[in-house]
Amino acid sequence: MDFFEKEEYNIDDITALIDNEAEESVHLDFKAAGSLSKDDKKKAEIAKDVSAFANSDGGVIVYGIEEQEHKARALSYIDGNTYTKEWLEQVIQDNIQRKIEGLQIFPIRCDGDVEKTIYVVKIPRSSNTPHMSADKCYYKRNNFRSVKMEEYEVRDLFYRESTPNLKIVEYGLYEMESDEDVITYNFEAQIWNNSNIISTLYKLNCYIDNFIGFKNIKWEPFCDNITCTKLNNFRVKVSALGKHPIFPNECMDVLRFKLEIKRESVNAFINNATVELLLMFGNKTDKVSFSVKEHFERI
């Protein structure tokens, strides 16, 4: 399971980050024990980092890992008697406005020793943005840093609550049937509404490149929202315009079609073709790309 999707954490999860030299990113940050302090400047730094994740796409801060060149390097234990979970929660609540809903703090005790504590702070992508830090500034994640937001970026966050957040979560190309001349594959793509807003306006484009051996693309008659465009001899675009609303936390099959490949060209198609999915909704996008060969090797 992905580190960000876990519902509980233990010391093995933390040591795995170090063993694998996990890198800080827009979704992950490591902080040594000295990052927790009752000094006002340190409290402001905690608020800055936590609010940056909430204003961006969410993520995890691990307090108790020392980093080097933005990679997890070593454990850096926190004294849980001095810096309790409740203290950390209070620092976050008192120094960030508006309140971040859904934030979770997981205390991990090495060998049950409270003086060897690590805190995993899991911060959601907030729909109640923007969140202002203690210094009256607004921050976002940029690679492995928390940086000040521009005025227009802060303005845009006021509209997040009314804008859904969609993700491409499932997609695949599967062999369905074959005859003497043609092998037919079924393509499916699914979208997840990762927000509290109903989504009614979206479009999913599927670009197939190096399309060797193309015979035909078909879809069911009731899928009247799908169109196909041959951009050149080796590139095809299949599009699906949103037909049904996607409710909060709901997944929906959005694009499904059959791909016919000439039998003598199947190997060339598998070895050369690539697929790119581009999801457009509001002023935002989500993108996934893969090679057909790697896809078949995985399944």
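The values are calculated or read from the model by the stated rules, or taken from the named source; none is laboratory data. Remember, it's a predicted structure, so these values are computed and weren't measured experimentally. Heads up, the Cβs are rebuilt from the backbone with ideal geometry, glycines too, and the neighbour counts pull from every protein chain shown. All accessible areas refer to the heavy atoms of the entire protein, side chains included, with ligands and DNA or RNA removed. Shrake-Rupley method; radii C 1.70, N 1.55, O 1.52, S 1.80 Å.
A compact table of results
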| quantity | calculated |
| --- | --- |
| Net charge of neighbours whose Cβ lies under 11 Å from the Cβ of ARG235, counting Lys and Arg as +1 and Asp and Glu as -1 | 0 |
| Order of exposure, largest accessible area first, which applies to GLU86, GLU67 with probe 1.4 Å | GLU86, GLU67 |
| Per-residue SASA entry for LYS284, accessible area with 1.4 Å probe, Å² rounded to 10 | 50 |
| Accessible area of TYR174 in the full protein assembly, 1.4 Å probe (Å², nearest 10) | 90 |
| Where ARG145, ARG98, ARG125 fall by accessible area, highest first, once all protein chains stay in place (1.4 Å) | ARG145, ARG98, ARG125 |
| Relative contact order computed over the chain (Cα-Cα under 8 Å; 6+ residues apart), in percent | 15 |
| Hull volume in cubic angstrom per residue (convex hull over the Cα atoms of the range 186-299) | 107 |
| At R0 = 22 Å, FRET efficiency that the Cβ-Cβ distance of LYS243 and GLU276 yields, to 0.05 | 0.50 |
| Candidates per GluC sites (Glu not before Pro) in the range 108-156, loop by DSSP, up to 15 other Cβ within 10 Å | GLU115, GLU150 |
| Of every Cα-Cα pair in the range 62-205, the percent that sits beyond 28 Å | 45 |
| Relative contact order, percent, the range 1-145 [alpha-carbon distance under 8 Å, six or more residues apart] | 32 |
| The range 152-247 - convex hull of the alpha-carbon atoms, volume per residue in Å³ | 134 |
| Kirkwood Rh, angstrom, the chain [1 / mean 1/r, Cα pairs] | 21.9 |
| Full-extension gain in nm, GLU264 to GLU220, via 0.36 nm per residue minus C-alpha separation | 13.2 nm |
| Selected from ASN267, ASN194, ASN249 as most flexible by GNM, with the chain as the system and alpha-carbon contacts under 10 Å | ASN267 |
| Förster radius 45 Å - calculated FRET efficiency between ASP79 and LYS167, Cβ distance, rounded to 0.05 | 0.70 |
| For LYS116, residues with placed amide H under 5 Å, excluding near neighbours | GLY80, CYS110 |
| Segment PHE144-ASN210, length gained on full extension (0.36 nm per residue, minus Cα span) | 20.2 nm |
| Solvent exposure of the range 172-299 as accessible area per residue, Å², 1.4 Å probe | 55 |
| Low-density loop positions, trypsin sites (Lys or Arg not before Pro), the range 216-268 - DSSP coil, at most 16 other Cβ in 10 Å | LYS243 |
| Carbon/sulfur fraction of accessible area - the chain, other protein chains in place, 1.4 Å, % | 44 |
| Length gained when the stretch LYS287-ASP156 is fully extended (0.36 nm per residue, less Cα-Cα span) | 45.0 nm |
| By accessible area with a 1.4 Å probe, ligands and nucleic acids excluded, highest first: order of THR117, THR163 | THR163, THR117 |
| 18 Å cut-off, amide nitrogen to a point 7 angstrom out along CYS228 Cα→Cβ, residues in the range 246-273 | 254-266, 269-270, 273 |
| Cβ-defined net charge surrounding HIS70, 15 Å radius [Lys, Arg +1; Asp, Glu -1] | -3 |
| Globularity ratio of the range 25-107, using Cα Rg and 2.2 N^0.38 Å | 1.05 |
| Where labels lie 7 Å past Cα in the beta-carbon direction, separation of TYR174 and ASN20 in nm | 2.7 |
